[in-house]
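A.B. asks: Take this structure first; my questions come after.
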C-alpha cells in the first residue's frame with residue numbers, strides 16, 4: 001500500500017504550484033498595465049507581485065525537496081525531468097517591461113509543465129495502490 005506521506009507531500013507540492021501560478025498571473029496582469037503607461041505606483045505593485053512569485057517559487061522548490069525525501073524513505077526514486085533553469089528566473093537587473101513579461105511567462109510555463117507531471121504521477125501512484 002502506498003505511503004500516505006508521499007501523497008501528502010505530493011498534494012502540498014501541487015498546492016505550492018497553484019500559489020506560484022496565482023502570483024505570476026497577478027504579476028503578469030500588472031505588468032501588462034505597466035507596459036501601457038501605468039506609472040510609478042503600478043510599477044511598484046508589479047515588482048511586489050514579482051517578489052511574491054519568487055517567494056512562491058522558493059516554496060515550490062522546498063516542497064519538491066520534501067517530496068523527494070518522502071520517496072527516498074520508501075526506497076523509491078522520484079525523477080522529474082525539470083530544466084535546471086526552472087528556478088533561475090529572477091527579476092534582478094531587468095531592463096524592460098517586455099523582458100519582465102517574458103520571464104513571467106517562462107515561469108508560468110514551467111509551473112504548468114511541473115504541475116502536469118506531478119498530477120500524472122499522483123494518478124499513477126493512486127492507481128497502482130488500488131491494483
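A.B. asks: Please find the FRET efficiency linking residue 35 to residue 106, where r is the Cβ-Cβ separation and R0 is fixed at 30 Å, and quote it to the nearest 0.05.
C.D. replies: For residue 35 and residue 106, the calculated efficiency is 0.95.
A.B. asks: On a full-extension model of 0.36 nm per residue, what is the gain between residue 3 and residue 117, subtracting their alpha-carbon distance, rounded to one decimal in nm?
C.D. replies: That works out to 39.1 nm of additional length.
A.B. asks: Additional query: So how far apart, in nm, are the two label points at residue 99 and residue 66 if each is 7 Å from Cα heading toward Cβ?
C.D. replies: So the two model labels end up 3.5 nm from each other.
A.B. asks: Taking the stretch 1-63 as the region of interest, what is the percent of Cα-Cα pairs per 10 angstrom bin, listed from the shortest bin to the one with the maximum distance?
C.D. replies: 24, 35, 22, 12, 5, 1
Read the figures in this text as sums done on the coordinates, not as results from a lab. Since this is a predicted model, take the numbers as computed values, not measurements. Because the Cβ atoms are built from the backbone with ideal geometry, glycine has one as well, and the counts that use them run over all protein chains shown.
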